[in-house]
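Each remark here refers to the structure printed beneath this line.
The values are calculated or read from the model by the stated rules, or taken from the named source; none is laboratory data. Fair warning: this is a prediction, and the values are worked out from it, not measured in the lab. For neighbour counting, all protein chains shown are included, and Cβ atoms are generated from backbone atoms with ideal geometry for every residue, glycine included. The accessibility values were calculated without ligands, DNA or RNA, using every heavy atom of the protein model including side chains. Shrake-Rupley method; radii C 1.70, N 1.55, O 1.52, S 1.80 Å.
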Number of protein chains: 2
Amino acid sequence: MKAGIKIADQWLRQVLEILYRKRDLSRGEIGESTGLNAASASYALRYLLDRGTLVKRAETQSAGRRRREVFNLNSEAGYFIGVDLEGDRIRFALTNFVGDICCRWEVPLEFRQPLDPRVVVDGIRKVSLDPIRRDRILAIGVSYPGLLDVEGRLIAVNLGWNRCPLVQELRTVFPWPVFLESDKHSCIVAENWLGAAQGRRNALFLIAEGGIGLGVLLDGRPLSGLHAVPGEIGHWKILPDAPDLCNCGATGCLEAIASSPNVVRQYAELCGVPKEERAGIRVVDVFERARQGDAAAAAVLQRAGRALGLALSHAIALLNPEVVILGGDLIGAEDILVPIVLSEIRQRTLPVSLEGLKIVISSLGLDIRLKGAASLAFRKMLEDPLRLRSMCTLDPAERSATALQSPRPDSEAALPGELVCS
Amino acid sequence: MKAGIKIADQWLRQVLEILYRKRDLSRGEIGESTGLNAASASYALRYLLDRGTLVKRAETQSAGRRRREVFNLNSEAGYFIGVDLEGDRIRFALTNFVGDICCRWEVPLEFRQPLDPRVVVDGIRKVSLDPIRRDRILAIGVSYPGLLDVEGRLIAVNLGWNRCPLVQELRTVFPWPVFLESDKHSCIVAENWLGAAQGRRNALFLIAEGGIGLGVLLDGRPLSGLHAVPGEIGHWKILPDAPDLCNCGATGCLEAIASSPNVVRQYAELCGVPKEERAGIRVVDVFERARQGDAAAAAVLQRAGRALGLALSHAIALLNPEVVILGGDLIGAEDILVPIVLSEIRQRTLPVSLEGLKIVISSLGLDIRLKGAASLAFRKMLEDPLRLRSMCTLDPAERSATALQSPRPDSEAALPGELVCS
């Protein structure tokens, strides 16, 4: 690098961001994607190669075309911890610098038992046991259900948490920065970084499983709202006169008709299954019975699918997105429930609002929130100039600027769970 | 001003913007509101005073406090034309540099007759007849109903327009820049600049009159969407099983239940008024009869108010705004229809989504879209550096940079209308 050239944070940020989103990019493609001029892109690439943050390799191309050099993030340049607090299992992952999961840990959530925050601490310890990787962990990202109060404490009914100071607790135990993002944001941002919403400015992500919510990306950013509870469509009174009683105490809510537990409930009611025998039925069982021609299962899915389609129709008319991504339990019902949703959307929405709109199934699968949480940690580290610089080196001395000392290892398995490392 | 200081466009923009929004500000208040440091604010104020764009006066204060100097825009420094194409009358205004309307013109829209674009040209001519003011007209802002196609042509059912190239037509006749904004945007932006959404980042504006729409301000900006049709809640199937037939051909739409013509229709149906006699009934008549205890009128308003409240409940849960502003015909029914809307919102929305939320009636009145259109023209002129500089002087030579020649006067009143100048 020429003496006297100062690398702008923005150049580094843009190169790291584009290489996290896309792999095997040439110098020209990096310039084109970031908008950096050739000199700035070259300086940034050289700086990051010198520090071991990037790797470069020659890609042999087909005969007659010249070899091209492609750049990638060095997958071992740093690690992130992703935590997903939604669903019936709490999930933890250690992801490498390119976002691939290299170690995971899951803990079943006990039904109707408040979650002990020490389970979260323990899970993070589990995925950070490897001493070499642990030294290079940069940050923790947490995808949470529910909402935050003004002091950043978590209120989450399904975890039994009423104002749990999770971030403060994690910060007393671990030396890494901790970032939180709501589950709906995690999904839409993961899709924006890695999935069907790449390159989109306006996108929606429908989660339909235990609860129902909408992740909203507007103008390239997740919708923030006044106090971080946007996307709460689960309690839209989508069939205002329906008798279905919701967890919230009201009737007619979308969740009371179309959430997975309520799909099971309606099916069991139609079939006369007594309450005590319903625990064994899962939503995938209802999907399967509908596939086999069970009329009760088909009727329940018809009602749920139409309610979901009507809700999406409303969101599409209001927000005019470019893409709608269907996730959660809908992923497992592409053949049996999704067609009903799509048909209802087409029938209920003005044609002009559907112009140019794509509706797709999420391809990020069950890991979407884990990947979203880890990519949150990556993104947040890019935003802070000091942290950004600490990411751009493998040298522990240079990294110490952000106090990334390794915590005291503590490998006692205090709580049950399941560890898979690759 | 010290030699060698270059006034940054951003300083001028911020000072002009804050003085358009608020009046009688001291030097300190301008610094505080804009975030400019004392030196930058002083340079910008001096520059604008020298060119006649601002005026300064001493304000005598109560005994014991020292006199303070306050700044204002020079109301005659420039003029804007606002056009409102929504409603049963097309409305035109000439506003001065502080946004006050100094001349207006209205043309009734003939029911079910396509609007001749020459009516718009003619209306703009009418409010720009005064030769002194005409020389200082800076731009035209148009608030439009309906939507724009990809080539910027207007599609508006109530005007009978299918891809009308209005901007191109106005640009061939007038020498001023022409800016378009959808009616919903005009309202929410006018409220953000001048009304109940001042200082807010997330706000909704419900228009309920001939049609129903929602103006959406998110993160300080009007929602844009994929191709400029967001806020289209009029065709939400808010009562999906209701038999009411909408103009769009579907049933159950919010508009079919709660737009003003449909309030009248339901009332007439309940009372058995034959179709040919319904034209004489206005929505304000239904309001008045409900006030007098007419049970049919009360029932219709109950149904319309609940549908509007349910729709707002959905929008609040999804977008988590700080303020919801009620406009259109609701302004005239604060006592009789608004309480039903509010009660339904409270009943249908999760309490957490209502925390911190304010719901108010628009105080900008019927002129909201005219003022919104004129303020659009002001805002757009600020955005362009060349136009910004042309706004900052009364010197015609300096202004010529943006080719603001006066058009040839043409005062023949080709079409009927009503002119009021102050």
Which numbered condition trips up B:ARG306, out of (1) charged (D, E, K, R); (2) more than 14 Å from chain A (Cβ to nearest Cβ); (3) surrounded by 17 or more Cβ atoms within 10 Å (Cβ to Cβ)?
(2)
Please find, within the range B:343-361, the residue that is nearest to B:ALA311 (Cα to Cα) out of those that are of a type in the set (S, T, N, Q) and out of contact with any Asp or Glu (no Cβ under 7 Å at 6 or more places or on another chain).
B:THR349
Looking at A:GLY231 and the list (1) more than 9 Å from chain B (Cβ to nearest Cβ); (2) in contact with a Ser or Thr (Cβ under 9 Å, 6 or more places away or on another chain); (3) of a type outside the set (A, V, I, L, M, F, W, C), which single condition is not satisfied?
(1)
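Quickly run through the range A:266-286 and pick out the residues that are within 21 Å of A:LEU308 (Cα to Cα) and surrounded by fewer than 21 Cβ atoms within 10 Å (Cβ to Cβ).
If the condition is that a residue be within 21 Å of A:LEU308 (Cα to Cα) and surrounded by fewer than 21 Cβ atoms within 10 Å (Cβ to Cβ), then A:ALA268, A:GLU269, A:LEU270, A:ARG282, A:VAL284, A:ASP285 are the ones that fit.
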Would you point out the residue of the range A:234-265, among those that are within 13 Å of another protein chain (Cβ to nearest Cβ) and among the charged types (D, E, K, R), that is surrounded by the fewest Cβ atoms within 10 Å (Cβ to Cβ)?
A:ASP241
Considering only the range A:71-90, how many residues are open to solvent by 30 Å² or more (accessible area, probe 1.4 Å) and in a strand (DSSP E or B)?
1
Of the conditions (1) more than 30 Å from the chain's Cα centre (by Cα); (2) assigned to a helix (DSSP H, G or I), A:ALA279 satisfies every one except a single condition; which number is it?
(1)
When B:GLY293 is evaluated against the numbered criteria (1) within 14 Å of chain A (Cβ to nearest Cβ); (2) assigned to a loop (DSSP other than H, G, I, E, B), which criterion, by number, is the only one it fails?
(1)
Are any residues in the range A:372-399 closer than 23 Å to A:ALA197 by Cβ and either in a loop (DSSP other than H, G, I, E, B) or open to solvent by 60 Å² or more (accessible area, probe 1.4 Å) (or both), and if so, which ones?
A:LYS380, A:GLU383
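Every residue, every condition in (1) free of Cβ contacts under 8 Å to residues at least 12 places away in the same chain; (2) under 19 Å from the mean Cα position of the chain (by Cα), yes or no:
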| residue | (1), (2) |
| --- | --- |
| B:SER186 | no, yes |
| B:LEU204 | no, yes |
| B:GLY213 | no, yes |
| B:ASP241 | yes, no |
| B:LEU254 | no, no |
| B:SER259 | no, no |
| B:ARG265 | no, no |
Please count how many residues of the range B:317-366 are surrounded by fewer than 23 Cβ atoms within 10 Å (Cβ to Cβ), small (Gly, Ala, Ser) and within 8 Å of another protein chain (Cβ to nearest Cβ).
1
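Going by the structure shown, is B:ALA290 in contact (Cβ under 8 Å) with a residue 12 or more places away in the chain and crowded, with 21+ Cβ neighbours inside 10 Å?
Working: in contact (Cβ under 8 Å) with a residue 12 or more places away in the chain: yes; crowded, with 21+ Cβ neighbours inside 10 Å: yes.
Criteria met by B:ALA290.
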Looking at the structure I just gave you, is B:ASP183 at pLDDT below 90 and away from chain A (no Cβ under 14 Å)?
yes
Out of the residues in the range A:217-228 meeting the condition of being open to solvent by 10 Å² or more (accessible area, probe 1.4 Å) and either basic (Lys, Arg) or more than 10 Å from chain B (Cβ to nearest Cβ) (or both), tell me which one is farthest from the chain's Cα centre (by Cα).
A:GLY220
Any residue in the range A:141-164 that is within 14 Å of chain B (Cβ to nearest Cβ) sitting within a Cβ distance under 8 Å of a residue that is surrounded by fewer than 21 Cβ atoms within 10 Å (Cβ to Cβ) and among the aromatic types (Phe, Trp, Tyr)? List the pairs, counting only those 6 or more apart or interchain.
A:GLY146/A:TRP161; A:LEU154/A:TRP161; A:ILE155/A:TRP161
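Please find, among A:ILE340, A:ILE345, A:ILE359, A:ILE336, the residue that is aliphatic (A, V, I, L, M), more than 24 Å from the chain's Cα centre (by Cα) and not in a helix (DSSP H, G or I).
Of the residues listed, the single one that is aliphatic (A, V, I, L, M), more than 24 Å from the chain's Cα centre (by Cα) and not in a helix (DSSP H, G or I) is A:ILE336.
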